């Protein structure tokens, strides 16, 4: 991963002056308490640019934690590395009446390294573990960082998460009169501009009485609905690099010219090898696929976050020699291999993540957007995308980690905002066919085949490389059929641009159907059903719009051969629901001793009115009701 955010996830805390006004929890305005687990009593953040390689970031933050759900909002962790140093940390902890119960100094913080099996980094953090167990309590913390770069400035987020209210918060940016800086205000009031006693320019934002937003299911990404300030310089320095940018074109040009320059050279032996490897392949897409697969089998992923390595890739020759690299290095290496066989490609910065598809802000360029690098390969009739850090992913397939979002492509002409491949609700298909037999004793036997397409391809990816014993344990979490005995379980994958994972299963289960008073009972859908736990909770007076991050389709076609001489006791199940956000149909029919069950559920991604939420809850309730339908058969 790239070091794009400079430990913003660690910089959750701030604020203290040892002389303080009363932080009695009882003085919090009553209108800030609804939905709040913590309240920011006072926050003052200041970024002062003294030079392009000398930035002071000062934070003072006082936050009252009302219950255990607010503990994370008052997290005491400050990140640093070779570019960011901690000047000081100090603070106090108050009880519910605002009385000091503990002083905090830097020696109370544990110094920890950011260590991961696939991570090589100089990132560290000073972490304080609270001993407070009685609520409410107040943390009053102050720290100052010295930063030897001006490429990135920390975003300001007055309420960093749901459940946090803000009594008062202020942000200032101080610089020389001739320093050009851009700001992007999201859900914020306007700024004040003035000068201080030294004649330096000061930009100030203030926010107060900001109510907490409660946690609501199916809500948009927090950054899109919360108050936020983004900052970007025109001129900057980062270690030995300097430059300027005012838009994405400029920024992409700087990355291409400065960070990627002279990084694509390969040994002549490697160039000849890939040319020979693809000599008999005429189709450029198949040629690119061959190169990509060669890269996958030759390399493995390791993240590098040291110094400028957080942004600049290893050279292609180093990756070729050592056989490893991070996302930057592996994309750059693949790009060099493709260039050797005359195929152009783009080095692209993306904000990766499964939970939300995050786009770059089109009208505001800065280096805080993006945490991963992927490859774009434009062909005349199509554009393909690949994630070079995954040694098993098919060429041209991205999956849920980087699909359907705006990214920055770094080209010789400058930066271009492009959009990655989108997998629609129809593309993300889980298609299942099953043939079962139920005998008079209630035992079920049969075969089932399921195809996973689109991003659903990944649903069984982790099981493909498991040993059979582990597979047999794992599969039971997907098919919770009592007394299930698995006779066969196998996987195969088609790793084309539109990949498919195929699961085949042969099973039996005793007592699947129950006999009682001459009637036979069994669950119609035992393999793909929603339960009450999966229904979103009803929320009154919802604040947020409804957001569905990813669409998908489930199609089941199941046949049951029944004991002879039985018929349905009541009318067959039939459901047909069609909503803007999804549809659900179920049909059931008996012909002779054969019961056929067809089910199709489709969820459509998108943002919908908050008034839609009650319909969404009712929709999932109807799905769960139908999925848990019990068949009752009686003798003819």
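Identification of strands (runs of 3 or more DSSP E) wholly contained in the stretch 559-636 with 1 or more residues that are under 30 Å from residue 225 (Cα atoms) and in the same structural domain as residue 445 (by TED's automatic domain parsing) yields 575-579, 582-591, 594-603, 606-608. So for the stretch 135-154 (the condition being over 30 Å from residue 23 (Cβ atoms) and either surrounded by fewer than 16 Cβ atoms within 10 Å (Cβ to Cβ) or within 25 Å of the chain's Cα centre (by Cα) (or both)), does at least one residue qualify? The answer is yes; a qualifying residue exists. Each residue in the stretch 242-282 was checked for being in a helix (DSSP H, G or I) and surrounded by fewer than 13 Cβ atoms within 10 Å (Cβ to Cβ), and 5 of them qualify.
With respect to the stated conditions, residue 511 is more than 23 Å from the chain's Cα centre (by Cα), at positive phi and touching a residue at least 24 places away in the same chain (Cβ under 8 Å).
Scanning the stretch 530-558 for residues that are within 27 Å of residue 226 (Cβ to Cβ), out of contact with any helix residue (DSSP H, G or I) (no Cβ under 8 Å at 6 or more places or on another chain) and touching a residue at least 60 places away in the same chain (Cβ under 8 Å) gives 547, 548, 549, 551. Just checking, does the stretch 68-87 include any residue being in contact with a helix residue (DSSP H, G or I) (Cβ under 8 Å, 6 or more places away or on another chain), more than 17 Å from residue 131 (Cβ to Cβ) and not in a loop (DSSP other than H, G, I, E, B)? Scanning the stretch 68-87, I find at least one residue that is in contact with a helix residue (DSSP H, G or I) (Cβ under 8 Å, 6 or more places away or on another chain), more than 17 Å from residue 131 (Cβ to Cβ) and not in a loop (DSSP other than H, G, I, E, B), so the answer is yes. A Cβ distance below 7 Å, combined with a sequence gap of six or more or placement on separate chains, defines the contacts here; from the stretch 276-304, residues that are more than 18 Å from residue 394 (Cβ to Cβ) and assigned by TED's automatic domain parsing to the domain that holds residue 397 reach residues that are assigned to a loop (DSSP other than H, G, I, E, B) and modelled with pLDDT under 95 in the pairs 302/118; 302/326; 303/1; 303/118; 303/326; 304/326.
Do we find that residue 56 is assigned by TED's automatic domain parsing to the domain that holds residue 98, in a strand (DSSP E or B), touching a helix residue (DSSP H, G or I) at 6+ places or on another chain (Cβ under 7 Å) and at pLDDT 95 or above in this structure? No, not satisfied.
If you take the residues of the stretch 339-361 that are out of contact with any strand residue (DSSP E or B) (no Cβ under 7 Å at 6 or more places or on another chain) and not in a loop (DSSP other than H, G, I, E, B), which of them is surrounded by the fewest Cβ atoms within 10 Å (Cβ to Cβ)? Applying the filter and picking the extreme gives 339.
If you check 176, 169, 162 for being surrounded by 18 or more Cβ atoms within 10 Å (Cβ to Cβ) and touching a strand residue (DSSP E or B) at 6+ places or on another chain (Cβ under 8 Å), only one passes: 169. Of all the criteria given as (1) farther than 24 Å from residue 26 by Cβ; (2) assigned to a loop (DSSP other than H, G, I, E, B), the one not satisfied by residue 132 is (1).
Could you go through the stretch 445-460 and let me know if any residue there is assigned to a loop (DSSP other than H, G, I, E, B) and surrounded by 15 or more Cβ atoms within 10 Å (Cβ to Cβ). Taking every residue of the stretch 445-460 in turn, none turns out to be assigned to a loop (DSSP other than H, G, I, E, B) and surrounded by 15 or more Cβ atoms within 10 Å (Cβ to Cβ). Annotation: of all residues in the stretch 88-113 being in a loop (DSSP other than H, G, I, E, B) and either on the phi > 0 side of the Ramachandran plot or free of Cβ contacts under 8 Å to residues at least 40 places away in the same chain (or both), the one that is nearest to the chain's Cα centre (by Cα) is 109.
The conditions of being touching a strand residue (DSSP E or B) at 6+ places or on another chain (Cβ under 7 Å) and assigned by TED's automatic domain parsing to the domain that holds residue 82 are met by residue 229.
The values are calculated or read from the model by the stated rules, or taken from the named source; none is laboratory data. This one's a predicted model, so the numbers in the text were calculated from it and none came from an experiment. Note that each Cβ is placed from the backbone with ideal geometry, even for glycine, and that neighbours are counted across all protein chains shown.
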